[in-house]
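**Q** Pasting a structure below so you can have a look.
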Amino acid sequence: MNPFSSGTRLRDMIRAIRACKTAAEERGVVRKECAAIRAAISENDQDYRHRNLAKLMFIHMLGYPTHFGQMECLKLIASPGFPEKRIGYLGLMLLLDERQEVLMLVTNSIKQDLNHTNQYIVGLALCALGNIGSAEMARDLAPEVERLLKFRDPNVRKKAALCSIRIIKKVPDLAENFINPAAALLSEKHHGVLITGVQLCIDLCKVSTEALEYFRKKCTDGLVKLTRDLANSPYAPEYDVSGITDPFLQIRLLRLLRALGQDDADASDAMNDILAQVATKTESNKNAGNAILYECVAAIMSVEDNGGLRVLAINILGRFLSNRDNNIRYVALNMLMKALAVDSQAVQRHQTTILECVKDSDPSIRKRAVELVYLLVNESNVKPMTKELIEYLEASDPEFRGDLTAKICSIVEKFSPEKIWYIDQMLKVLSEAGTDVKDEVWHSLIVVMTNASNLHGYAVRSLYRAVQATGEQETLVRVAVWCIGEYGDMLVNDAGRLDIEEPLTVTESDAVDVVETSFKSHSFDLTTRAMCLIALLKLSSRFPSCSQRINDIIVQHKGSFVLELQQRAIEFNSIIDRHQNIRPSLVERMPILDEATHSGRKGGAVPAAVSTSQGVSVNLPNGVAKPSAAPLVDLLDLSSDDVPAPSSSGGDFLQDLLGVDLAPVSSQSGTNQAQKSGTDVLLDLLSIGTPPANSIPSTTQASPSNFDTKSPVDLLDRMSSPSAPSVQVSTTAGSSPMLDLLNGFPSSPPIAVTEGNGPAYPSMVAFESSSLKLTFNFSKQPGNPQTTLIEASFTNKSQEVLTNFIFQAAVPKFLQLHLDPASGNMLPANSNGSITQKLKLTNSQHGKKSLVMRIRIAYKVNDKDVLEQGQVNNFPRDL
Amino acid sequence: MIKGVILMNDKGKPRLVKFYDYHPAEKQQELIRRLYAVLSSRAENVSNFVKVDSLFGSDARLVYKTYATLHILFIFDSSENELAMLDLMQVFVETMDKCFSNVRELDIVFNFNKVHAILDEIILGGQVLETSSSEVVKAVEEISKMERAANSIMAVPSITGWQSR
């Protein structure tokens, strides 16, 4: 006896595995068992082969690899004894990994067993073939199976029938061989054979139109009679399920009738009576009866139209909906969804019951019901349906709210008869479940509001009331804040009051209160707070009396740690403080938002890049500064055609406020050529904080006219200069493009090509500001054309002495820069002396790309730090 | 067709796994794990049907029932009647009950290959073979008679000792 396999019995192994406390322990036991089984296999141990295989099946169920046992299955199948064969076939079905060679080896054994004198062994072989048979096996063994359909024992016949299904699914060409034997099975008396025979017919119809036609012609009447007999048959204990005679067979028969009746008027006619009879006579107080009814309904929905029957069927489903069994309500909703396509009128009649299901205790049923309601809603019933749904929203549990809210919003949007109703319903939804609402929803609410000019006042007042009642729903607050910003005056003076409205008294300071509270609330996110800030700016102009108070609020946020808020606070503070003259035009009402554009965007279509004001020759891409600001930019997305810009520079200014990404372009006409060849060079330089995609068009299209000293950029530059250092500190890491606008913009030096006589290259003014002038003198080392020696000399044009003077330079990767120490760090006033510093630049792309450099100069004036930055790209070519 | 029958306990341990579509062993384990996740996240008093298209392809549904510590799961496609699947599950459970006289999880653990024999008499190749539990019991008894008659080594797991643990 084999020393390895004699060890444990199957039961002991299972016990050992169950006793394991950890997965590692279990793995250990399994590893030991597997080792013993492998040893037994290699010893060709016969006595314990089927015990080992049984163990392997258990091990396989637990998820361990057992491929080494596959050949053992074949050996067991080939052995003469019944127990061995049984375990062998079971192992084959469970362990096999579809390796064709194993299946090929087993085909012959199965063939022999199909012809075995022992009908149980035949049954085992049929079972294995029916479960795992491949196309090759199907071809090889089809004749045997066909023969077995006429076997004397019904247990073999029924297995052969199901085996035939596997065969025709694997090889549809074989279907015609099975049509006649299958039809013969339909006249069987044995229940099991009949049920499998009917199933074989159903599958034959699926794979072969020939079979379908044949059964339609020859078998429809027989099947109808069979169904009728069954429905009328007296009690038959053998196949009775809770008082219903053989529901499984009835269901199979109905399913076959459905296949035959579909798209065939004659066959449908022939079965109308029996369908009606089953639909009316079947007991519906037990699951079995309902299963039959359910199948009958499915059949009625599929066969050719018979109005009366369909109404009957949908009424059955309606009854299902009030059944106490969850399963039945569940299937009824599924079926109603399909029935809607066939006869929506009849389904509509069950509206009330369906609405009840939205309140079901079972979440899966609620979900289905909401989907169905969504499909049921049309223009005529939208009002009552929405009312019901919104009422239910109040009582619904949190997990379900998201789904429900989305559906309500979508219904309201799709079918709203008038805008005021739309606004009312959306306000209800937002007040109830504002946190579950997606961004598109409140965006489109705003779009609709701007378009309904007669409802502006109504909308802002309703929103004011809603926020007073429930100020916690973030999206509601956003919409309210936006509207108060836009239409705050209408809130206060009660303009455009509709007859249905209660009069409302709101003071200017009440309106500001709402926005301020929301702004200061910690539960709201950046978007909401930024929207509040904008609304405050707008109100500061609408309500002159609150202007000072608003400015105070804004000033508090100049030190906000959130860049977006800080930046906006600084900008808005400047506007209120120093630019009263442009403020009214800046904060004018938003132009009406285009519904078509908006809905296009909602559908995922990317709108064409919004072009900027036509007055300016530059076409600046309207970039989005940061993803977090995206919804805002979206809302404020002014296509400047509509912007009532006071002047072209004002237009630019607005865009700056809105986060338009103005790439820092310092192009001069003199370097245009250099730029053409060096766009990517510029990109390199600009890559910090500037989305490269945006800078391409702006660089190539830039014209000098934008950068004269009166340009809005400089305006901003000066405006914010007092606070510039602090901005600088907090943003160096992730510097936003906006900052470039605020402080870092180089004023363009005039193209001064100094005619020098000594060097081969003329010296040039590389950088000039109000206080500083930087001149470059070039020279080349002989025999090294790639390297340029530059002598930089700085002069101080201002009246003050500059101390702690530091010059820094950066170049793109294709250049190498070496900076020598400067001659000093103090610059006397009034151009009374200079600092010189030598630079050595090596251009690895000499002849292809021109030099380019970004510079940064830091110094102290009167103990104050000043930082100047710029970019030099007017180098002579060929350096 | 029926795509699979799985018995697992309330801790997710598989007790009987039968797929009628081919899945590699690792996939089978993955499916069992995910099905268990589906079941354990279901509330009580909800319908017994779950859509499982994400696991088994379009139209796949799952019907489950829980008997004491044991979940029984049938996975099937749209060509089967959901309510009838519930009844079929009942037939399966009744048959096991008859064979093990009041079946418990442990009976299934130690006699899993006998449970396979029962299942193979009810479902073949994903189709319903027999729906009368008495017919199934009869067939299974014939098989155990055959095994006794074969008089093979008694240490071998035969279908004879139904009650053995």
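**Q** Could you work out the mean count of beta carbons from other protein chains within 10 Å of each residue's beta carbon in A:126-133?
**A** Mean partner shielding for this stretch: 4.
**Q** Can you tell me the length gained on complete extension of the stretch residue A:285 to residue A:830, counting 0.36 nm per residue apart and subtracting the Cα distance?
**A** 185.7 nm
**Q** Another question, then. Among A:517, A:576, A:539, whose Cα sits farthest toward the positive end of the charge dipole of segment A:477-609 (+1 at Cβ of Lys/Arg, -1 at Cβ of Asp/Glu, about the Cα centre)?
**A** With unit charges placed on the Cβ atoms, the residue in question is A:576.
**Q** With 10 angstrom as the radius, rank A:205, A:20, A:483, A:73 by how many other C-beta atoms surround their C-beta, starting from the fewest.
**A** With the fewest neighbours first, A:205, A:20, A:483, A:73 line up as A:20, A:205, A:483, A:73.
**Q** Report the extension gain between residue A:495 and residue A:184 in nm, rounded to one decimal, defined as 0.36 nm multiplied by the number of residues separating them, less their alpha carbon distance.
**A** The residue A:495-residue A:184 span can extend by a further 103.5 nm.
**Q** From the convex hull of the Cα coordinates of segment A:351-393, what is the mean projected area in square nanometres?
**A** Over every viewing direction, the Cα hull of segment A:351-393 projects on average to 2.7 nm².
**Q** Let me ask something additional. I need the shape label for segment B:1-107. Rule: rounded when a/c is under 1.5, else prolate if a/b > b/c, else oblate, with a, b, c from the alpha carbon gyration tensor.
**A** Note, shape of segment B:1-107 comes out rounded.
**Q** Suppose every K and R has +1 on its Cβ and every D and E has -1 on its Cβ; what is the size of the dipole of segment A:274-390 about the Cα centre, in Debye to the nearest 20?
**A** On the way: 14 positive and 12 negative charges, 59 e Å.
Its charge dipole is roughly 280 debye.
**Q** Let me ask something additional. Strictly greater than 15 Å: what percent of every Cα pair in segment A:390-458 meets that? Before the final figure, lay out each step's value.
**A** Numbers: 1130 of 2346 pairs.
Pairs farther apart than 15 Å: 48 percent.
**Q** If you place +1 on the Cβ of every Lys and Arg, -1 on the Cβ of every Asp and Glu, and leave all else neutral, what size is the dipole of segment B:1-146 about its Cα centre, to the nearest 20 Debye?
**A** On the way: 17 positive and 21 negative charges, 109 e Å.
It works out to roughly 520 debye.
**Q** Pairs A:85/B:138; A:158/B:145; A:85/A:189: which are spaced more than 23 Å apart, C-alpha to C-alpha?
**A** As for pairs spanning more than 23 Å Cα to Cα, those are A:85/A:189.
**Q** Measuring from label point to label point, each 7 Å out along Cα→Cβ, what is the residue A:19 to residue B:9 span in nm?
**A** Placing both labels 7 Å along Cα→Cβ, they lie 1.6 nm apart.
**Q** Just to be sure I understand the model, the point goes 7 Å from the Cα along the line to the Cβ. What's the resulting residue A:552 to residue A:596 distance in nm?
**A** A separation of 4.9 nm, rounded to one decimal place.
**Q** Please report A:841, A:789 as a ranked list, fewest other C-beta atoms within 10 angstrom at the top and most at the bottom.
**A** Fewest-to-most Cβ neighbours within 10 Å comes out as A:789, A:841.
**Q** Under Stokes-Einstein, with the Kirkwood radius over Cα pairs standing in for Rh, what whole-number D in µm²/s applies to segment A:410-539 at 4 °C and 1.567 mPa s?
**A** 89 µm²/s
**Q** Run down the lysines and flag those whose C-alpha is under 17 Å from the C-alpha of residue A:338, throwing out any fewer than 8 positions away in its chain.
**A** Reachable lysines: A:367, B:51.
**Q** Please give me, ordered by residue number, the GluC sites (Glu not before Pro) of segment A:437-484 that lie in loop per DSSP and have at most 15 other Cβ atoms within 10 Å.
**A** Passing both the DSSP loop test and the Cβ count: A:472.
**Q** Hey, another quick one. Would you mind ranking A:147, A:139, A:166 by Cβ crowding within 10 Å, fewest neighbours first?
**A** Details: A:147 13, A:139 16, A:166 26.
Final ranking by Cβ density, sparse to dense: A:147, A:139, A:166.
**Q** Quick one: if you take sqrt(5λ) for each eigenvalue of the C-alpha gyration tensor of segment A:754-879, what semi-axes come out, biggest first, whole angstrom?
**A** Working: eigenvalues 144, 45, 29 Å².
So the equivalent ellipsoid measures 27, 15, 12 Å along its semi-axes.
**Q** Sticking with this one: According to a simple spin-label model (label point 7 Å from Cα along Cα-to-Cβ), what is the distance in nm between residue A:502 and residue A:819?
**A** 6.9 nm
Values in this text are rule-based calculations from the coordinates and carry no lab data. Note that this is a predicted model, so its numbers are computed, not measured. Glycine gets a Cβ as well: all are built from the backbone with ideal geometry, and neighbour counts include every protein chain shown.
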